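The values are calculated or read from the model by the stated rules, or taken from the named source; none is laboratory data. This one's a predicted model, so the numbers in the text were calculated from it and none came from an experiment. Please note: Cβ atoms are built from the backbone with ideal geometry, for glycine as well, and neighbour counts cover all protein chains shown. Only protein heavy atoms, including side chains, enter the accessible area calculation; ligands, DNA and RNA are left aside. Shrake-Rupley method; radii C 1.70, N 1.55, O 1.52, S 1.80 Å.
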Amino acid sequence: MKQRLLFLGPPGAGKGTQAQRLALREGLLHLSTGDLLRAEVHAGTPLGQEAQAVMARGELVSDALVLAIVRSRLEQHSGGWLLDGFPRNLAQAEALDQLLASLNQRIEKVVLLEVDDAVLIQRLLGRGRSDDNAVVIANRLVVYRDQTAPLIAHYEGLGLLSRLDAAGSIEEIDTRLASLLVD
Ligand code: ADP
């Protein structure tokens, strides 16, 4: 099994759900920038205060802030990892490449979770997180198309991308994912 993975896909594709299950099963560090940012907001740290309004609008938090969070986690961890929600634009992808080079590590596979927009919107509306209302969801999808989707071609060009049909039940997707990741 690959040990250094990146999950890519629109909000609502199920990255967090699948990442959590896989990381637990394989003993990988699950690094979700969304979860880490929400924890900072909840704890009311200066970082969280800076991130809160941006997240509520569905925009991206600054690259520097997110990178600082990822850097500190990866520097303290020598085992396998699964990045979920990062990188989200090309600048973050380049910063990640530099960080990994300095740690003598590399991404082994990028999994793109693919789901139709109509399904995404249904899932997000059903989830009911504070940034899951119709207006903010629409903005997050625009931000995804404009800023994050270009990463698909980037990682495809590097020969790292695998596409995963992320429609269906959690177990079905998990089974498909597991078969993608066998060496
Ligand atoms: P989703 O994938 O459903 O949009 P996340 O939990 O991954 O949910 O992200 C929630 C919010 O956190 C994003 O809309 C954004 O404001 C912020 N965020 C998460 N990861 C990043 C990142 N890598 N760069 C900038 N902002 C981020």
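Here, the range 1-84 is characterised by an Rg to Rh ratio of 0.98, where Rg is the alpha-carbon radius of gyration and Rh the Kirkwood radius.
Residues R127, R71, R140, sorted by accessible area with the largest first, give R127, R71, R140 [1.4 Å probe; ligands and nucleic acids excluded]. The smallest convex shape that holds all Cα atoms of the range 40-183, its convex hull, gives 136 Å³ per residue. For the range 62-116, a crude dipole built from +1 on the beta carbon of Lys and Arg and -1 on the beta carbon of Asp and Glu, taken about the Cα centre, is about 220 debye to the nearest 20. The accessible area of S102, taken with all protein chains in place and a 1.4 Å probe, comes to roughly 90 Å².
Here the contact order of the range 53-147, divided by its residue count and restricted to Cα pairs under 8 Å and six or more residues apart, works out to 45 percent.
Keeping the other protein chains in place, figure out the carbon and sulfur percent of the accessible area of the range 92-183, with a 1.4 Å probe.
On the way: 2570 of 4870 Å².
Carbon and sulfur atoms account for 53 percent of the accessible area of the range 92-183.
For the chain, the relative contact order is 35 percent, taking Cα pairs closer than 8 Å that sit 6 or more residues apart in sequence and dividing their mean separation by the residue count.
Computed with a 1.4 Å probe over protein heavy atoms only, the accessible surface of the chain comes to 49 Å² per residue.
Pairs of alpha-carbon atoms within less than 8 angstrom and 6+ residues apart define the contacts here; what relative contact order does the range 1-87 have, in percent?
Numbers: 87 pairs, mean separation 44.0, N = 87.
After rounding, I find 51 percent.
Order the peptides 86-94, 2-10 from the highest to the lowest mean number of other Cβ atoms within 10 Å of their residues. Provide the component values of the computation, followed by the final result.
Working: 86-94: 18.6, 2-10: 22.4.
Result, highest mean first: 2-10, 86-94.
Give the separation of the Cα centroids, the range 81-138 to the range 156-182, in Å. Using only Cα atoms, the two centres lie 15 Å from each other.
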